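The values are calculated or read from the model by the stated rules, or taken from the named source; none is laboratory data. Quantities reported herein were computed from a predicted structural model and do not represent experimental measurements. Cβ sites come from the backbone with ideal geometry, for glycine too, and all protein chains shown count toward neighbours.
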Amino acid sequence: MTSPLTATAALVTGASSGIGRATALELARLGSSVAVVARRLDRLDTLVAEITDAGGTALAISADVSERDQAEQAVSTAVEHFGRLDILVNNAGLMLLGRVCDVDVDEWDQMIAINQKGLLYTTHAAVPHLLDAAKDGPRQVADIVNISSLAGRTTFPTSGVYSMTKFGVNGFSEALRQELAPDHVRVGVLEPGKVDTELDSHNNAEILADIEKNFGGFTMLDPHDIADGVAYMVTRPAHAAIGELWVMPTAQA
């Protein structure tokens, strides 16, 4: 029996841990060749070995997608290696929380660079190849999935700039969806609630204590829950598109 993503190629950013890692594993399980992109090459090599050992195909690409030349080169390397690109998952992200009056402004620059510029650079480089895949590939469709956040739907004290970046991702995704839909490139945004990943770990002790107070009492999502959502979005038949998917812990609903 043919897997639903057989003969496709995908690129996943932020693939060294958490949602990106789980998504790469799931897309490979479904038959896609996967380029995994992040800065930590040692972790990518371990992921590639895991995918290969399970019978899949993967390529590790060390890159900081917030740097335009590195994002463009990552896409070029993936296309040169696999000969095509059918799926892009923009997952790389950073969450640094803090009150506007207290925060280090350099942290804002870091979030904007990764959460927005990295997504823009990678998407811009990938779109021509996705258009080719949709036109000439056996599926007659290609996919972009942008990982946003519930913080892109609502906000709270300390999340101002993080929310700004994710509201921006949602707005960009909607405009791009309308631009590319006529050419059968589907653009969807997936907004996770609280997921058990390393995302919190870059924050200071006070913020971590607040996170524990607010979220420590219920079962968080596992990264594979989000990977399952990505897989659902990219395996719909060519005539069906998922523009937005909102996934959260039941206790957070």
Quiz item: Looking at segment 160-216, which of its residues are hydrophobic (A, V, I, L, M, F, W, C), modelled with pLDDT under 95, closer than 16 Å to residue 92 by Cβ and assigned to a helix (DSSP H, G or I)?
Solution: 199
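Residues are listed down the side, and each one gets a yes or a no for (1) outside any helix (DSSP H, G or I); (2) at pLDDT below 95; (3) buried (at least 16 other Cβ atoms within 10 Å of the Cβ):
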residue	(1), (2), (3)
43	no, no, yes
46	no, no, no
52	no, no, no
56	yes, no, yes
72	no, no, yes
81	no, no, no
89	yes, no, yes
Practice problem: Look through 76, 66, 62 and report the one residue that is without any contact (Cβ under 8 Å) to a residue 60 or more places away in the chain, surrounded by 21 or more Cβ atoms within 10 Å (Cβ to Cβ) and under 19 Å from the mean Cα position of the chain (by Cα). | Solution: 66
Quiz prompt | Whichever residue in segment 19-41 is buried (at least 22 other Cβ atoms within 10 Å of the Cβ) and among the small types (Gly, Ala, Ser) and, among such residues, is nearest to the chain's Cα centre (by Cα) | solution = 20
Quiz item: Given the conditions (1) of a type in the set (Val, Ile, Thr); (2) under 23 Å from residue 197 (Cα atoms); (3) crowded, with 24+ Cβ neighbours inside 10 Å; (4) over 15 Å from the mean Cα position of the chain (by Cα), which single one is not true for residue 112?
Solution: (3)
Quiz prompt | Some residue of segment 6-20 being assigned to a helix (DSSP H, G or I) and either closer than 24 Å to residue 140 by Cα or in contact with a Gly (Cβ under 9 Å, 6 or more places away or on another chain) (or both) | solution = yes
